[in-house]
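Participant: Here it is, the structure, as structure tokens.
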Amino acid sequence: MTLWQRYSRELSVAVALGLFLLLLAVAAPGFFGKNQLLTTLTATAPVLVAACGMTLVIVCRQIDISIASQFALCSIVAGLLAKAGWPMFLAAAGAVGTGALLGALNGALVAGLGLPSIVVTLATMVTWREGLRWGREGEFVRDLSEQFQWLGLGQARGQTLILSVAMLVFLGLAFAMKYLAAGRLVYAVGTDAEAARLAGIRPKRVTFAVFVVMGMCTGLAALLNAIRFADVDPKTGTGLELQTIAAAVVGGVAISGGRGNMWGVLVGVLLLACIAPGLVFLHLPPQWEKAVQGGIILLAVAADGWRMRKAA
Amino acid sequence: MSAPLLQLEAITKSFGAVRALQGISFDLRPGEVHALLGENGAGKSTLIKVITGAHEPDSGSMAVAGTVVRHFSPTGARRLGIACVYQQPALFPDLTVAENIALRLEPVRRLRRIRWGNRRAQAAHLLGRIGAAIAVDKEVRHLSMPEQQLVEIACALGASARIVIMDEPTASLTRQEQELLFGVVRDLRAAGTGIIYISHRLEEIFALADRVTVLRDGESVGTIKLGQANAAGARASVPPPVRAPGQPDSTVKETDLIRMMVGREMSHIYPPSEAKPGETVLALRSLGCQSSGVRGVTLEVRAGEVLGLAGLVGAGRTELARVLFGLTPADAGEIRVRGQTVRIRSPRDALACGIAYVPEDRRRHGVILTMPVAHNITMAIHRQLFPGTWLRLGAERALATQLITQLGVKTRGPEAPASSLSGGNQQKVSLARWLAARPQVLILDEPTQGVDVGAKSEIHKIIRQLAKGGVAVLLISSDLPEVLGMSDRIAVMRHGTLQAILPGTADAHEVMAEALGQSSSRDSARLAPREAP
């Protein structure tokens with residue numbers, strides 16, 4: 001089997017991304033200005049990290065729609081800790097730890113009690129979001145120290161840091177899915193949990209672990225996003241569940257579990273992220289962003305359906 | 001002579017580069033049972049799908065009662081009176097029996113009103129006609145596989161189908177249920193229905209079919225009239241006498257059909273036992289599990305022995321296996337492995353004790369079709385093969401390649417997805433997974449169900465090899481000749497407990513008598529009545 005055959009799904013999305021970038025290069029070269037490109041990429045990095053976590057959960061045949069609420073909660077935790085005068089590395093650990101905790105709760109409910117993940121995470125999504133609204137009353141965390149925005153490194157170095165961390169997480173998880181024993185377990189449980197159980201694997205543990213890792217990814221993503229600004233918005237991350245699930249689906253991750261890889265998700269995240277700024281540079285009304293994204297998702301799903309029919 | 005009900009002429013169908021059917025001609029007359037025979041992948045399913053309108057042929061023609069079919073569609077086929085009873089019934093599990101039957105048969109009334117009385121009466125009537133004692137208000141998911149098949153047959157009956165296709169209808173039926181089914185088939189035939197009957201069990205074909213068409217590699221090898229052969233009611237454990245080719249059809253025998261199927265001479269003889277049973281590996285004492293109805297099972301299995309587990313469906317054989325494998329943990333009695341009392345509460349515990357279980361239905365939770373063959377093989381030894389953080393892909397590949405060679409799995413390679421393999425080869429992959437775990441006790445649940453003759457005999461040889469290597473094998477099979485041919489001893493189960501343990505030399509009659517609880521002779525082999533707890 002050639003590389004093209006095995007990864008045709010991922011590569012065709014990459015080709016679509018390439019074509020879109022080509023169009024931008026011809027019609028709006030301004031898109032590729034250094035500052036513009038860096039801004040777009042830095043804004044996308046947190047989404048990539050969150051989408052990596054989401055991919056793990058989807059490959060394990062689960063879903064987590066509470067990701068946006070977790071994201072907001074972790075952002076606020078990071079902000080409050082920083083404001084309380086904690087050193088930034090502790091505030092960062094606090095954000096990731098909060099994510100792990102929230103993920104563990106989802107995981108315990110889904111794996112431990114055997115509840116459907118869409119229901120569990122719907123409940124936690126509403127609970128965290130409304131809890132946060134009640135706690136903060138929509139108030140930003142303001143007057144943060146110099147050490148918060150860009151971790152006090154200044155914009156250029158801060159952006160480099162955000163991009164590097166995101167790439168590291170991405171590469172680490174992409175590698176883990178393919179070459180680590182634990183990665184194989186996620187695929188096995190996601191394809192057929194009962195078969196995995198018969199083979200002596202403990203699907204509940206795998207499911208729980210996947211939710212915890214996803215929570216940590218979300219916490220880290222929240223941190224990477226928060227340090228781009230001087231204040232922390234309690235409504236940050238709204239719609240992140242759709243962004244991440246869409247990126248995974250466009251990138252070829254099967255919503256039915258067991259199939260997909262991180263490289264496809266990377267391409268999916270980039271494709272969806274380029275649309276909004278791309279529209280601006282093409283002088284098209286930016287209101288069309290969501291519609292275009294929806295169209296791309298439909299196209300990807302329809303293409304999958306067509307391929308399945310052909311294979312059957 | 002009556003005109004054919006169904007006439008296929010030179011049907012050809014390709015999928016991509018694969019030619020599934022090459023110029024097949026086939027006909028079915030009213031009041032006839034026409035058997036279709038062939039190894040897995042010979043083209044039987046594709047041919048059925050053409051007849052039922054699921055596939056449109058590339059060329060060739062099909063006529064039903066003299067009218068040429070132009071548009072192939074499942075609805076069209078149903079309208080022409082073609083009904084199909086699939087091996088895996090396609091019923092709605094959450095609807096009741098009556099609702100399932102109504103969905104197929106009832107016309108839509110004005111205002112889509114449902115007359116529940118009529119609906120239930122009709123279902124009861126149809127089920128009554130085939131002698132099936134099934135409550136019409138039961139939800140289908142509570143029915144056993146054979147009961148679901150009976151519901152399917154009732155649907156076909158209710159649709160007054162002129163052509164009924166039965167795809168391995170007896171694969172999961174017990175002897176008794178088979179006889180019931182055969183009665184239904186004979187009644188349908190007497191009423192002038194044409195029946196296309198697919199089965200891997202030659203004895204059934206001899207018992208039922210008027211003609212048999214053999215397919216091989218998408219071509220029709222020939223159609224043979226079985227004529228008188230079934231008049232004797234060939235109970236076909238003993239085949240008719242030997243004959244030279246070219247003699248009258250009435251003495252066609254099993255080996256002839258097998259030769260036509262595989263294109264080579266092939267004995268359907270079970271490999272002889274070379275068992276020199278060693279020490280007792282597995283000992284059960286009054287083992288019970290309330291939730292699955294297993295009670296008071298006392299049994300010993302020795303190294304190198306094949307112990308057949310016989311009994312009717314529902315007698316508790318699979319249930320016992322599930323207790324031993326920790327799927328429904330025991331709540332009474334004890335399990336000893338090599339003298340050590342063990343507690344088995346999950347498959348993981350069972351594997352740790354050296355007990356492996358190859359489940360009944362490889363498509364459900366057996367082989368993971370979308371995963372590569374190699375991943376499937378190493379799944380049960382994940383922890384042992386990858387003790388650290390990393391996957392050892394080289395070691396995995398080597399092990400997979402070795403088992404693929406050892407079991408003769410036909411695959412493009414260890415990285416090919418399991419879905420690209422034929423049923424028999426998937427079953428071998430499932431076996432390979434458990435062989436990789438090097439079990440001391442191997443429980444095989446219907447290991448050759450739905451597997452073609454060639455693969456079946458290879459699996460039998462593998463079982464023998466394993467026993468010779470000192471594995472204690474528990475073989476569950478509804479195929480009585482298989483149990484008789486493979487077992488060193490036969491444990492017969494009935495109503496969740498052990499009825500008798502017979503020597504491997506027992507015959508079909510003795511085993512059936514015990515399974516039905518009608519034994520008379522062999523007092524020595526009978527078990528003492530179960531002591532009160």
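Values in this text are rule-based calculations from the coordinates and carry no lab data. On a predicted model such as this, the values are computed, not experimentally measured, just so you know. Heads up, the Cβs are rebuilt from the backbone with ideal geometry, glycines too, and the neighbour counts pull from every protein chain shown.
Participant: As a test of the formula, what do you get for chain A when each DSSP H run with n ≥ 4 contributes -39,500 (n - 2.57) and the sum is divided by the residue count, at 222 nm and rounded to the nearest 500 deg cm²/dmol?
Facilitator: -24500 deg cm²/dmol
Participant: Right, next: Using helices alone, I'd like the mean residue ellipticity at 222 nm for chain B: each DSSP H run of four-plus residues gives -39500 (n - 2.57), total over residue count, nearest 500.
Facilitator: Rounded to the nearest 500, the figure is -9000 deg cm²/dmol.
Participant: What distance in nm lies between label points placed 7 Å from Cα along the C-beta direction at residue B:422 and residue B:383?
Facilitator: With each label point 7 Å from Cα toward Cβ, the separation is 3.8 nm.
Participant: Convert each backbone phi in the stretch A:6-19 into a coupling constant with the Karplus relation 6.51 cos²θ - 1.76 cosθ + 1.60 (shift: θ = phi - 60°), then list the ³J(HN,Hα) values in order as whole Hz, x for Gly and Pro.
Facilitator: 5, 10, 4, 4, 5, 5, 5, 5, 4, 5, 4, 4, x, 5
Participant: Which whole-Hz ³J(HN,Hα) couplings does the stretch A:238-252 yield from phi under the Karplus relation 6.51 cos²θ - 1.76 cosθ + 1.60, θ = phi - 60°, glycine and proline marked x?
Facilitator: With the stated coefficients, the stretch A:238-252 comes to 4, x, 5, 4, 5, 4, 6, 5, 4, 4, 5, 5, 4, x, x Hz.
Participant: Express the relative contact order of the stretch A:185-303 as a whole percentage, based on alpha carbon pairs under 8 Å and six or more residues apart in sequence.
Facilitator: 21 percent
Participant: Shifting gears a bit: Taking amide hydrogens as modeled 1.01 Å from N in the peptide plane, which residues meet the under 5 Å criterion relative to residue B:496, leaving out close sequence neighbours?
Facilitator: B:316
Participant: Show me the three semi-axes of the equivalent ellipsoid for the stretch B:377-441, from the C-alpha gyration tensor (sqrt of 5 times each eigenvalue), largest first, rounded to whole Å.
Facilitator: 20, 14, 10
Participant: What residues have an amide H closer than 5 Å to that of residue B:221, excluding those fewer than 5 places away on the same chain, when H is modeled at 1.01 Å from N in the peptide plane?
Facilitator: Close amide H contacts, sequence-distant or interchain: B:214, B:215, B:216.
Participant: Additional query: Residue B:192's amide H: which non-local residues (gap 5+, or another chain) put their own amide H closer than 5 Å, with H modeled 1.01 Å from N in plane and none for Pro or chain starts?
Facilitator: B:31
Participant: Just to confirm my numbers, what's the Cα centroid distance between the stretch A:234-308 and the stretch A:94-135 in Å?
Facilitator: 24 Å
Participant: A follow-up question, please. Multiply the residue separation of residue A:194 and residue A:230 by 0.36 nm, subtract the distance between their alpha-carbon atoms, and state the gained length in nm to one decimal.
Facilitator: 8.1 nm is the gain from fully extending residue A:194 to residue A:230.
Participant: To one decimal place, what orientation-averaged projected area in nm² is obtained for the convex hull of the Cα set of chain A?
Facilitator: Reported value for the Cα convex hull: 17.2 nm².
Participant: What full-extension length gain, to one decimal in nm, is calculated for residue A:25 and residue A:298 as 0.36 nm per residue of separation minus the Cα-Cα distance?
Facilitator: So the extension gain works out to 95.7 nm.
Participant: Once you put a point 7 Å from the Cα of residue B:468 and another 7 Å from the Cα of residue B:402, both along the Cβ direction, what distance in nm separates them?
Facilitator: 1.9 nm
Participant: Oh, and also: Using a Förster distance of 45 Å, how high is the FRET efficiency between residue B:352 and residue B:54, based on the Cβ-Cβ distance and rounded to 0.05?
Facilitator: 0.45
Participant: Quick one: net charge around residue A:158, please, counting Lys, Arg +1 and Asp, Glu -1 for every other residue with C-beta under 15 Å from its C-beta.
Facilitator: +1
Participant: In peptide A:180-186, how many Cβ atoms from other protein chains are near each Cβ within 10 Å, on average?
Facilitator: 5
Participant: Taking 30 Å as R0, compute the FRET efficiency from the Cβ-Cβ separation of residue A:32 and residue A:310 and round it to 0.05.
Facilitator: Computed FRET efficiency for residue A:32 and residue A:310 comes out at 0.20.
Participant: Highest mean first, how do A:272-285, B:331-344, B:74-87 rank when packing is the count of other Cβ atoms within 10 Å averaged over residues?
Facilitator: B:74-87, A:272-285, B:331-344
Participant: If you plug each phi of the stretch B:469-482 into the Karplus form 6.51 cos²θ - 1.76 cosθ + 1.60 with θ = phi - 60°, what whole-Hz ³J(HN,Hα) values come out, in order, with x for Gly and Pro?
Facilitator: Working through the residues one at a time gives x, x, 7, 8, 10, 9, 10, 9, 8, 8, 8, 4, x, 5 Hz.
Participant: Once R0 is set to 60 Å, what does the formula 1/(1 + (r/R0)^6) return for the Cβ-Cβ distance between residue B:332 and residue A:160, expressed as a FRET efficiency to the nearest 0.05?
Facilitator: The value I calculate is 0.35.
Participant: To the nearest whole number, what is the average tally of beta carbon atoms from other chains within 10 Å of the beta carbons of peptide A:197-206?
Facilitator: 6
Participant: Now, a different point. Sum up the charges of everything whose Cβ sits under 12 Å from the Cβ of residue A:207, counting Lys and Arg as +1 and Asp and Glu as -1, but leave residue A:207 out.
Facilitator: The answer is +4.
Participant: Now for a different question. Quickly work out the residue A:127-to-residue B:142 label distance, labels modelled 7 Å from Cα along the C-beta direction, and quote it in nm with one decimal.
Facilitator: Result for the modelled spin labels: 3.5 nm.
Participant: Determine the relative contact order of chain A: mean sequence separation of Cα pairs under 8 Å and six or more apart, normalised by residue count, in whole percent.
Facilitator: For chain A, the relative contact order is 34 percent.
Participant: Taking every DSSP beta bridge that has both residues in the protein assembly as shown, what percent is antiparallel when rounded to the nearest 5?
Facilitator: 55 percent
Participant: Now, a different point. Placing unit charges on C-beta atoms (Lys and Arg positive, Asp and Glu negative, everything else neutral), compute the dipole magnitude of the protein assembly as shown about its Cα centre in debye, rounded to 20.
Facilitator: Charge dipole, the protein assembly as shown, about its Cα centre: 540 debye, nearest 20.
Participant: Please compute the contact order of chain B in relative form: average sequence separation of alpha-carbon pairs under 8 Å and at least six residues apart, divided by the residue count, as a percent.
Facilitator: Computed value for chain B: 14 percent relative contact order.
Participant: Provide the packing ranking of B:91-101, A:61-71, A:183-193, i.e. peptides ordered by the mean count of other C-beta atoms within 10 Å per residue, highest first.
Facilitator: A:61-71, A:183-193, B:91-101
Participant: Going by average Cβ neighbours within 10 Å, how do the peptides B:156-165, A:297-306, B:374-383 rank, with the highest at the top?
Facilitator: B:374-383, B:156-165, A:297-306
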